């Protein structure tokens, strides 16, 4: 199969201690990839793979979030694979494009998996993002760049993330970071 490396990363992640909801999302992502050879492309209208960067400082007490322009909420940087079969590479690319900061992977293993519905917008129907998230590290002293994709960027105390975005998807990454 063309996406065997991605499936292997997901299987390794699934072997860890995941909460039941994330375990279900990992299994659903594996199923989705196996059923959709075009899962890396936006033209796969039911959904597609995305990569996200959970950017933390060296002490793991702060994270760099973007106030997403289209979704109007605080999130980790991330975006579409657009054919790139390396999800860590997607996360690294998105961190650079959306924040302009130098980052390094804390690990090459997946940090978190989430499947979430993206609302219809213009000609694009509602669809799912199967998001593979990686923990990256950056120095909070380096300058960042707010792009047209964001209203703002901010380093936030990890424990305060749920006050900005209470969704379980964010709370789960907070719990993992603080554990």
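The values are calculated or read from the model by the stated rules, or taken from the named source; none is laboratory data. All values reported here derive from a predicted model rather than from experimental measurement. Methodologically, a virtual Cβ is constructed for each residue, glycine included, from the backbone with ideal geometry; neighbour enumeration extends over all protein chains shown.
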Q: Working carefully through the options 156, 161, find the one that is outside any loop (DSSP other than H, G, I, E, B), in contact (Cβ under 8 Å) with a residue 40 or more places away in the chain and touching a helix residue (DSSP H, G or I) at 6+ places or on another chain (Cβ under 6 Å).
A: 161
Q. For the stretch 41-74, how many residues meet the condition of being under 22 Å from residue 88 (Cβ atoms) and part of a loop (DSSP other than H, G, I, E, B)?
A. 6
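Return the residues of the stretch 150-176 that are under 19 Å from residue 116 (Cβ atoms) and surrounded by 16 or more Cβ atoms within 10 Å (Cβ to Cβ); say none if nothing qualifies.
Within the stretch 150-176, 150, 161, 165, 169, 170, 172, 173, 174, 176 qualify.
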Q | Residue identified as under 24 Å from residue 30 (Cα atoms) and more than 14 Å from the chain's Cα centre (by Cα) among 159, 163, 126 | A | 126
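Among the residues of the stretch 75-113, which ones are assigned to a loop (DSSP other than H, G, I, E, B) and closer than 21 Å to residue 143 by Cβ?
76, 77, 100, 101, 102, 103 - these are the residues of the stretch 75-113 that are assigned to a loop (DSSP other than H, G, I, E, B) and closer than 21 Å to residue 143 by Cβ.
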Q: Please identify the pairs in which a residue from the stretch 11-35 that is without any contact (Cβ under 8 Å) to a residue 40 or more places away in the chain has its Cβ atom under 6 Å from the Cβ atom of a residue that is part of a helix (DSSP H, G or I) and buried (at least 19 other Cβ atoms within 10 Å of the Cβ), counting only partners at least 6 apart or on another chain.
A: 14/26; 30/10
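Just to be sure before I move on: is residue 139 at pLDDT 95 or above, surrounded by 17 or more Cβ atoms within 10 Å (Cβ to Cβ) and either out of contact with any helix residue (DSSP H, G or I) (no Cβ under 8 Å at 6 or more places or on another chain) or closer than 20 Å to residue 24 by Cβ (or both) in the structure I sent?
Working: at pLDDT 95 or above: yes; surrounded by 17 or more Cβ atoms within 10 Å (Cβ to Cβ): no; either out of contact with any helix residue (DSSP H, G or I) (no Cβ under 8 Å at 6 or more places or on another chain) or closer than 20 Å to residue 24 by Cβ (or both): yes.
So residue 139 does not fit the description; no.
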Q. Surrounded by 14 or more Cβ atoms within 10 Å (Cβ to Cβ), under 16 Å from the mean Cα position of the chain (by Cα) and within 22 Å of residue 171 (Cα to Cα) - does that describe any residue in the stretch 101-108?
A. yes
Q: For the stretch 78-92, state whether one or more residues are buried (at least 21 other Cβ atoms within 10 Å of the Cβ), in contact with a helix residue (DSSP H, G or I) (Cβ under 8 Å, 6 or more places away or on another chain), under 20 Å from residue 156 (Cβ atoms) and in contact (Cβ under 8 Å) with a residue 40 or more places away in the chain.
A: yes
Q. Here are some conditions: (1) at pLDDT below 95; (2) surrounded by 13 or more Cβ atoms within 10 Å (Cβ to Cβ); (3) out of contact with any strand residue (DSSP E or B) (no Cβ under 6 Å at 6 or more places or on another chain). Residue 67 meets all but one. Which one does it not meet?
A. (3)
